[in-house]
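Enquirer: Let me give you the structure first, and then I'll get to my questions.
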Amino acid sequence: MRERDSSGLGATPPTATSRRRILIGLGAAGGALTGGLVTGKAAAAEIESVTNAPISDKTQERQPFYGVRQSGIVTPRPAAGMVASFDVLAKTPADLVRLFQTLTERIAFLTQGGEPPSLDPKLPPSDNGILGPMVTPDNLTITASVGASLFDERFGLKDHKPKRLVQMMSFPNDALEVSLCHGDLSLQFSSNTPDTNIHALRDIVKKLPDLLLLRWKQEGSVPVMAATPGKPPESARNFLGFRDGSANPSPADADLMERIVWVQPDGDEPGWATHGSYQAVRIIRNFVERWDRTPLQEQQAIIGRHKATGAPMQGGSEHDVPDYASDPEGKTTPLDAHIRLANPRTHGSQANLILRRPFNYSNGVTKSGHLDQGLLFIAYQSDLEKGFITVQKRLAGEPLEEYIKPIGGGFFFTLPGAADERDFLGRSLLEAAGIAQPAN
Amino acid sequence: MTLRLPLMALALASALGSLAGTARAAVAPMDLVGPMSEYKLYVSEKLQTLVADTRAFTDAVKAGDIEKAKALFAPARMSYEAIEPVAELFSDLDVSIDSRADDYEHGEQDPAFPGFHRIEYGLWAQNSAAGLGPVADKLMADVDELGKRIAELTFPPEKVVGGAAALMEEVAATKISGEEDRYSHTDLWDFQGNFDGSRKIFELFRPLVEKDDPAFVEKVEANFATLDKTLSKYKMGDGFETYEKLTDADRKILAGAVNTLAEDLSQLRGKLGLN
């Protein structure tokens, strides 16, 4: 409610008097009555503005940074995510150390929050200010992974490449755009809001212009839900309208995580890679207009689950295991349904489990006037061959291919964690290569 | 020449005087006089060359001598690219001399698309000088006008100092990908002009920063050296190879150095106590 502007000079901001009126709910005519009602609280009354910042009670949520393993893998996935891929411009081993040390410092600060340094106003500010004068953690994790290209002749890392790390190959249904693929370094950002991720990305880009050059990035989100007390949690839905992540291996099962996510010291991977993981990123376009014109029955047959509940075709709930043993001809769940091809639930297929942590993306409009939307697929596994590559090969020819088109992404190796303030991401690799000195 | 100096110094001192109350300057205003007048001389020289080169270029276009016009296009632009921050003080002239097809709704077909790049489109994409007479005349008139206006201008010191970073920002954001000279692919010539122009400004003000921050100066100089070294691999005769010859690896080296210079040179005004 504004003061009526009799001067005709345009709306003026609410004065203390009109704020009091808003608080008490009186119109302009009530002016005479409010004279005696001055209180200290009136001046602090809510000012109505369409541009007031939306309120969140989660900005102080915080994930640990230091640890044997990086966060952002078994960490519960929040609503906003991003993968940014970079070329590493370092020219010397010393540059490479500086890159990882600086990256570690920035990630430690951004994920814990705090006050950025205040500089002379004649200088550009040290922080981009998107989150205000205090950086709030907002549940942010930043996970750093390295691509096969980093292990080329530049830094002498060739002999230390994780055994199964290769540049992402093209699968039969792919239409990969080079400008959206690969990279020396990937950073996965996830937090409660896109702005927290963007703030962090801009901070890192500004601090490392001589060592990192952006190649591609894709942001994404997942739909939030109201809490359902007494009911098990549900997987968030993707842009096909289906729950995405049913049957995702559970971080509560520590043994399972050790087997399928984390590289172990007793395998054939280089020692430095222990406590790391393989990261498969895929930018997968969804042809949503066509999907939305597909009968529900057919959608469910293509995916292999009930759309509303996420239950397997035999019924039950999202968390029930599909029963293929009593359905050998695929009369209940078609043999080429997405979930059945991805995991046929034989004894052998237990070796091919992957931990998925995806986001949905929505970019622009194609030249044909269709929506450019899809899935920012992210999966972690201790063995890239047995994990994503095997699963993706099984999906070749699936009916879902009519509706999806992978156009980008890459394979990376997620570094072990930084144990404490004296450690830094990538240290174990650089030590193994003789580039960094062991900390004493 | 000698008369101009005291007049400029007076104008400069009075322009700076208004800043005296706002914050303490890291350098004395009079210390800026020398570099500023040197820069003004640099700009006058570049303008003289620009006017002469543009005349030769536009004459060739009007004569229908396509080969000659093509040979004169990129060298003429180098002088403009070196002084771009000053030219951009006259945004109307910058638009009519140097805008790109993207800036016009109908792109290359837009009758309003002017200047160097309109002629570039005719010469390279259409291999023809037909209809370019009026465009060439307008370009010449605009370059002459630019010369006149710059001669009369008192350069604001913060614009000059800021110009070093501004040149790098332009290359970093809009040129490194080869979008500027998209028909002729003569972008490497433009880069040399931009790098020279930025480095000139830095060299003039360097003594004022060096005593307090030698590490900063060393880092900036090293990055300028990287730009020169990388670009010089593509030297051909008096000029450069086509942008298409720039390898991915070298493009990334240039991008890294340009982005870092943009970052570091953005500190320069602050270090000199300018707004």
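Enquirer: Of all accessible surface on chain B at a 1.4 Å probe, what whole percent is carbon and sulfur?
Expert: About 54 percent, which is the carbon plus sulfur part of the accessible surface.
Enquirer: Residues with beta-carbon under 13 Å from that of B:GLU158, excluding B:GLU158: net charge, scoring Lys, Arg +1 and Asp, Glu -1? Before the final figure, lay out the partial values.
Expert: Working: positive: A:LYS122, B:LYS159, B:ARG269, B:LYS271; negative: none.
Neighbourhood net charge equals +4.
Enquirer: Quick one: what are the phi-derived ³J(HN,Hα) couplings along region A:383-399, Karplus 6.51/-1.76/1.60 with θ = phi - 60°, whole Hz, x for glycine and proline?
Expert: Each residue of region A:383-399 in turn: 9, 5, 5, 6, x, 3, 4, 5, 4, 4, 4, 4, 7, 4, x, 5, x Hz.
Enquirer: On to the next question. How much net charge surrounds B:LYS211 when only other residues with a Cβ under 14 Å from its Cβ are counted (Lys, Arg +1; Asp, Glu -1)? Please report the intermediate quantities before stating the final value.
Expert: Working: positive: B:ARG206, B:LYS271; negative: B:ASP31, B:GLU210, B:ASP212, B:ASP213, B:GLU218.
Summing Lys/Arg as +1 and Asp/Glu as -1 gives -3.
Enquirer: Any residues in region A:196-241 that have 30 Å² or more less accessible area with all protein chains than in their chain alone, probe 1.4 Å, and which are they?
Expert: Going by heavy-atom accessible area, the residues of region A:196-241 that drop by at least 30 Å² are A:LYS206, A:PRO209, A:ASP210, A:LEU213.
Enquirer: Right, something else. Name the long-range amide H neighbours of A:VAL146: under 5 Å, sequence gap of 5 or more, or other chain; modelled H, no Pro or chain starts.
Expert: A:SER186, A:PHE413, A:THR414, A:LEU415
Enquirer: Right, here's the next one. With a 1.4 Å probe on protein heavy atoms only, tell me which residues of region B:236-275 lose at least 40 Å² of accessible surface in the complex relative to the chain by itself.
Expert: For region B:236-275, once contacts with the other chains are taken into account, B:LYS252, B:THR260, B:GLU263, B:GLN267, B:GLY270 lose 40 Å² or more.
Enquirer: Using a Förster distance of 56 angstrom, determine the FRET efficiency expected from the C-beta separation of A:GLU385 and B:GLU152, and round it to 0.05.
Expert: On the way: r = 71 Å, r/R0 = 1.27.
The computed FRET efficiency comes out at 0.20.
Enquirer: If you take the beta carbon distance between A:SER368 and A:ALA308 as r and set R0 to 41 Å, what does 1/(1 + (r/R0)^6) give as a FRET efficiency, to the nearest 0.05?
Expert: Efficiency at R0 = 41 Å is approximately 0.85.
Enquirer: Just list whichever of A:LYS158/A:LYS217; A:LYS163/A:LYS393; B:LYS68/B:LYS235; A:LYS217/B:LYS200; A:LYS217/A:LYS367 have alpha carbons separated by over 24 Å in the model shown.
Expert: Pairs exceeding the cut-off: A:LYS158/A:LYS217; A:LYS217/B:LYS200.
Enquirer: What's the buried accessible area, both sides, between B and A using a 1.4 Å probe, rounded to 100 Å²?
Expert: Heavy-atom accessible area buried at this interface is about 1200 Å².
Enquirer: Same structure, new question: Please give the charge dipole size of region A:350-440, origin at the Cα centre, charges +1 on K and R Cβ atoms and -1 on D and E Cβ atoms. Round to the nearest 20 debye. Provide the component values of the computation, followed by the final result.
Expert: Values: 9 positive and 10 negative charges, 39 e Å.
That gives a dipole near 180 debye.
Enquirer: Something else now. Give the cross-link partners of A:LYS122 among the aspartates and glutamates, using a straight C-alpha distance below 19 Å as the criterion and excluding same-chain residues fewer than 8 apart.
Expert: Correct list for A:LYS122: B:ASP31, B:GLU158, B:GLU169, B:GLU210, B:ASP212, B:ASP213, B:GLU263, B:ASP264.
Enquirer: So between A:SER149 and A:MET169, what do we pick up on full extension, going 0.36 nm a residue minus the alpha carbon distance?
Expert: 5.9 nm
Enquirer: Given the C-alpha centroids of region A:390-440 and region A:277-355, what is the distance between them in whole angstrom?
Expert: One Cα centre to the other: 26 Å.
Enquirer: Rounded to the nearest whole Å², what accessible area per residue is found for the protein assembly as shown with the 1.4 Å probe?
Expert: Heavy-atom accessible area per residue stands at 46 Å².
Enquirer: Follow-up question, since we're still on this one. Quick one: length gained pulling B:VAL95 to B:SER128 fully straight, 0.36 nm per residue minus the C-alpha distance?
Expert: 9.5 nm
Enquirer: Shifting gears a bit: Can you tell which of A:THR228, A:THR75, A:VAL97 lies farthest toward the positive end of the dipole of chain A, using +1 and -1 charges on the Cβ of basic and acidic side chains (Lys, Arg; Asp, Glu)?
Expert: A:THR228
Enquirer: Follow-up question, since we're still on this one. For A:ARG69, list long-range residues whose amide hydrogen, built 1.01 Å from N in the peptide plane, is under 5 Å from its own amide hydrogen.
Expert: Excluding prolines and chain starts, which carry no amide H, the hits are A:GLY417.
Enquirer: Which net charge results when you count Lys and Arg as +1 and Asp and Glu as -1 among the other residues whose beta-carbon is under 14 Å from that of B:ASP250? Mind showing how you got there, number by number?
Expert: Numbers: positive: A:LYS91, B:LYS229, B:LYS233, B:LYS235, B:LYS245, B:ARG251, B:LYS252; negative: A:ASP87, B:ASP187, B:ASP228, B:GLU241, B:GLU244, B:ASP248.
My count for the surroundings of B:ASP250 gives +1.
Enquirer: Of all accessible surface on region A:79-125 at a 1.4 Å probe, what whole percent is carbon and sulfur? Write down the numbers at each step before the final one.
Expert: Details: 1060 of 1850 Å².
Here carbon and sulfur together make up 57 percent of the probe-accessible area.
Enquirer: Here is a follow-up. Using a probe of 1.4 angstrom, how much of the accessible area of region A:292-420 is carbon and sulfur, in percent?
Expert: 53
Enquirer: Can I ask one more? Please compute the modelled spin-label separation between A:ALA252 and A:ASP195, points set 7 Å along Cα→Cβ, answer in nm with one decimal.
Expert: So the label points at A:ASP195 and A:ALA252 sit 3.4 nm apart.
Enquirer: Once you put a point 7 Å from the Cα of A:GLN297 and another 7 Å from the Cα of A:THR51, both along the Cβ direction, what distance in nm separates them?
Expert: Here the modelled spin labels are 5.4 nm apart.
Enquirer: Could you work out which residue, out of A:LEU176, A:LEU256, A:LEU99, moves most in a Gaussian network model of chain A, that is, has the largest mean-square fluctuation with Cα springs under 10 Å?
Expert: Residue with maximal mean-square fluctuation among A:LEU176, A:LEU256, A:LEU99: A:LEU256.
Enquirer: What is the spin-label model distance, in nm, from B:ASP59 to A:GLU329 if the labels are put 7 Å beyond Cα along the C-beta direction?
Expert: Taking the two extended label points, one gets 9.1 nm.
Enquirer: On to the next question. Using +1 at the C-beta of Lys and Arg and -1 at the C-beta of Asp and Glu, which of B:LEU41, B:ALA63, B:ALA28 has the Cα lying farthest in the positive direction of the dipole of region B:27-67?
Expert: After comparing all options, I get B:ALA28.
Enquirer: Sticking with this one: Using DSSP to define loop residues, name the trypsin sites (Lys or Arg not before Pro) in region A:300-349 whose beta-carbon has at most 10 other beta-carbon atoms within 10 Å.
Expert: Of the trypsin sites (Lys or Arg not before Pro), the ones in loops of region A:300-349 whose Cβ has at most 10 other Cβ atoms within 10 Å are A:LYS331.
Enquirer: Name the lysines eligible as straight-distance cross-link partners of B:LYS148: C-alpha to C-alpha under 16 Å, and not fewer than 8 places from it in the same chain.
Expert: Correct list for B:LYS148: B:LYS40, B:LYS46, B:LYS138.
Enquirer: Convert each backbone phi in region A:161-169 into a coupling constant with the Karplus relation 6.51 cos²θ - 1.76 cosθ + 1.60 (shift: θ = phi - 60°), then list the ³J(HN,Hα) values in order as whole Hz, x for Gly and Pro.
Expert: Those phi angles translate into 5, x, 3, 9, 7, 9, 5, 3, 8 Hz.
Enquirer: For A:ASN360, what residues show an amide H to amide H distance below 5 Å, using hydrogens built from the backbone and excluding near sequence neighbours?
Expert: A:SER221, A:VAL222, A:LEU376
Enquirer: Another question about this same structure. Of the residues B:HIS117, B:HIS106, B:HIS185, which exhibits the maximal mean-square fluctuation in a Gaussian network model of chain B defined by a 10 Å Cα contact cut-off?
Expert: It is B:HIS106.
Enquirer: Hey, how many Å between the Cα centroid of region A:105-127 and the Cα centroid of region A:142-183?
Expert: For region A:105-127 versus region A:142-183, the Cα centre distance is 32 Å.
Enquirer: May I ask you to derive the FRET efficiency for A:ARG62 and B:ASP238 from their Cβ-Cβ distance with R0 = 60 Å, giving the value to the nearest 0.05?
Expert: 0.50
Enquirer: If you don't mind, there's one more thing I want to ask. How much mean residue ellipticity at 222 nm does the protein assembly as shown get from its helices, if each DSSP H run of length 4 or more adds -39500 (n - 2.57) and you divide by all residues, to the nearest 500 deg cm²/dmol?
Expert: -11500 deg cm²/dmol, from helical runs alone.
The values are calculated or read from the model by the stated rules, or taken from the named source; none is laboratory data. Just so we're clear, the structure is a prediction, and the values are computed from it rather than from any experiment. Positions of Cβ are generated from backbone atoms using ideal geometry, with glycine treated the same way; all protein chains shown enter the neighbour counts. The area values use the complete protein model at the heavy-atom level, side chains included, leaving out ligands, DNA and RNA. Shrake-Rupley method; radii C 1.70, N 1.55, O 1.52, S 1.80 Å.
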